[in-house]
Every structure is written in C-alpha cells, then in structure tokens.
1. Show the residue pairs meeting these rules: Cβ distance below 7 Å; 6+ apart or different chains; first residue within region 130-149 and closer than 12 Å to residue 70 by Cα; second residue open to solvent by 90 Å² or more (accessible area, probe 1.4 Å) and in a helix (DSSP H, G or I).
2. Out of all the residues in region 131-172, which are acidic (Asp, Glu) and buried (at least 16 other Cβ atoms within 10 Å of the Cβ)?
3. Does region 70-80 contain at least one residue that is out of contact with any Gly (no Cβ under 8 Å at 6 or more places or on another chain), open to solvent by less than 60 Å² (accessible area, probe 1.4 Å), outside any helix (DSSP H, G or I) and of a type in the set (A, V, I, L, M, F, W, C)?
4. When you scan region 169-193, how many residues do you find that are closer than 24 Å to residue 73 by Cβ and either of a type in the set (Ser, Thr, Tyr) or assigned to a helix (DSSP H, G or I) (or both)?
5. Across region 8-44, which residue is most open to solvent (accessible area, probe 1.4 Å) among those that are assigned to a helix (DSSP H, G or I) and among the acidic types (Asp, Glu)?
6. Please identify the pairs in which a residue from region 1-21 that is farther than 26 Å from residue 148 by Cβ has its Cβ atom under 7 Å from the Cβ atom of a residue that is open to solvent by less than 100 Å² (accessible area, probe 1.4 Å) and among the aliphatic types (A, V, I, L, M), counting only partners at least 6 apart or on another chain.
7. I'm told residue 186 meets every condition in (1) without any contact (Cβ under 8 Å) to a residue 12 or more places away in the chain; (2) within 24 Å of the chain's Cα centre (by Cα); (3) over 30 Å from residue 91 (Cβ atoms) except one. Can you identify the failing condition by its number?
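The values are calculated or read from the model by the stated rules, or taken from the named source; none is laboratory data. The structure presented is a predicted model; accordingly, all values stated were derived computationally and were not measured. Here Cβ is always computed from backbone atoms with ideal geometry, including for glycine, and neighbour counts include all displayed protein chains. Keep in mind that these areas ignore ligands, DNA and RNA; they rest on the heavy atoms of the full protein, side chains included. Shrake-Rupley method; radii C 1.70, N 1.55, O 1.52, S 1.80 Å.
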Amino acid sequence: MSEKYKLVDTWVRDAKAGDQKASELLLHTFQPLMLSMVQKYVYNPADYEDGLQEAGVVLLETLKAYQFELGVVFPFYLKNRLFHYFVEQAKKNAREKERRCTMENPNLSAQQDRRAVENSMAAKEEEAKAARCQKLNRAMRELPPEQKAVLELRYYRGMSVKAIAAMKNAPVSTIEKRRKAGIRRLRKAFGIEP
C-alpha cells in the first residue's frame, strides 16, 4: 500500500475513533474529489455549494460505514458512495421534473423514461466495477508476497520489469516469472483461466 493510502488510513481510523481533526483533514483532502463529483452530477452551478456540503455529509457517513476488512481503499469507497448518492439525487430530481413536465406535456414522458434507463445502466456498471475492484483486492491479498510486490510495483506504481529487478536486486527473468505467475493466479481467481 502506498504512503498516501497509509496516511489516509490513519486519518480514517482516527476519525472513526472520534478525532475531529482527522475528520477535518479528510474533508479537506477529499474536497477536490467531492467538487468534481458535484460538478459532474449537479447541473446548476448555483447549487454547487449546497452539493459540496451534501458531499461532506456523505463523506462523514461513509466514514461510519467504512470497514477496513473489505479490502477497498477508502478513496475508492468514498468515490463509489458519492457516485451513488449524486446519481440517486439526479434521478430524484429528474422524477420530480418529469412529474411537473408530464402534467404540462404528456409527450415528454417517453424521453425521460429512456434517460432514466440510461442512468440506471450507468449506476449498474459502476456497481459492477466496484465489485470487480473488491474481488481484485481480495485476490491480491491472497497472492504470495513476492508476486504481490511485483504486481503492485508494475501495475499500481507503473514501474518497468527492469526497474523492479534493479530495485529488488534480482534477475529480470525472476521478476518476469513472478509477474506472470501472479497474473495467472489473478486470472484464475476471476475465472478466466482454469
């Protein structure tokens, strides 16, 4: 796990234990993420400030619900929770708008139904992605330490096999074997290889 995630984990643990300063650090740290989600799902710029406050509440609720044992790092968990919150709010607002519009013009209902289905499909895709991430994190934890280390350095930190070999003081062929073995185990965990 990288240093930034370790620091966030420390703040999350402290905030869950009631440390107000840690909660404030998390709110400040994740403000750019919250703002980007607000800008993406709140269509009226005049409502951004309210949306950011709602996102802060979602972060604090996410802190309470977060479980380290799930194997998902807090930033990904928070992003998923924010996504679902704002998609639900957008759907709720669309339903309210639709209710008002259909009273004025019944022909608008079909278009709005189509948009609601498209939004629902996007939410399902995000849920499936989150489930795959959780499954990948579990599978990574079950790898032998040598394979896990190589995969983390190669795919999470973007290091080349040669750079990993130099760092580990091991032959490139050994690092490549560990990488391939780790990938085979992950593929097997996902049912891609027997």
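1. 133/76
2. Initial filter on region 131-172 (acidic (Asp, Glu)): 142, 146, 152.
Selection gives 146, 152.
3. Step one: of region 70-80, the residues out of contact with any Gly (no Cβ under 8 Å at 6 or more places or on another chain) are 70-80.
Filter again for open to solvent by less than 60 Å² (accessible area, probe 1.4 Å), leaving 71-75, 77-78, 80.
Of the ones still in play, those that are also outside any helix (DSSP H, G or I) are 71-73.
After this cut, where a residue has to be of a type in the set (A, V, I, L, M, F, W, C) as well, the list is 72-73.
Taking every residue of region 70-80 in turn, at least one turns out to be out of contact with any Gly (no Cβ under 8 Å at 6 or more places or on another chain), open to solvent by less than 60 Å² (accessible area, probe 1.4 Å), outside any helix (DSSP H, G or I) and of a type in the set (A, V, I, L, M, F, W, C).
4. Result for region 169-193: 9.
5. From region 8-44, those assigned to a helix (DSSP H, G or I) are 8-16, 20-29, 31-41; that's our starting set.
Restricting the remaining residues to those that are among the acidic types (Asp, Glu) gives 9, 14, 24.
Numbers: 9: 22, 14: 61, 24: 98 Å².
Selected residue: 24.
6. 14/22; 15/22; 15/26; 15/63; 16/63
7. (1)
Results for (1) over 18 Å from the mean Cα position of the chain (by Cα); (2) at pLDDT 90 or above, shown as yes or no for each residue.
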residue	(1), (2)
1	no, no
9	no, no
14	yes, yes
34	no, no
48	yes, no
57	no, yes
62	no, no
69	no, no
73	no, no
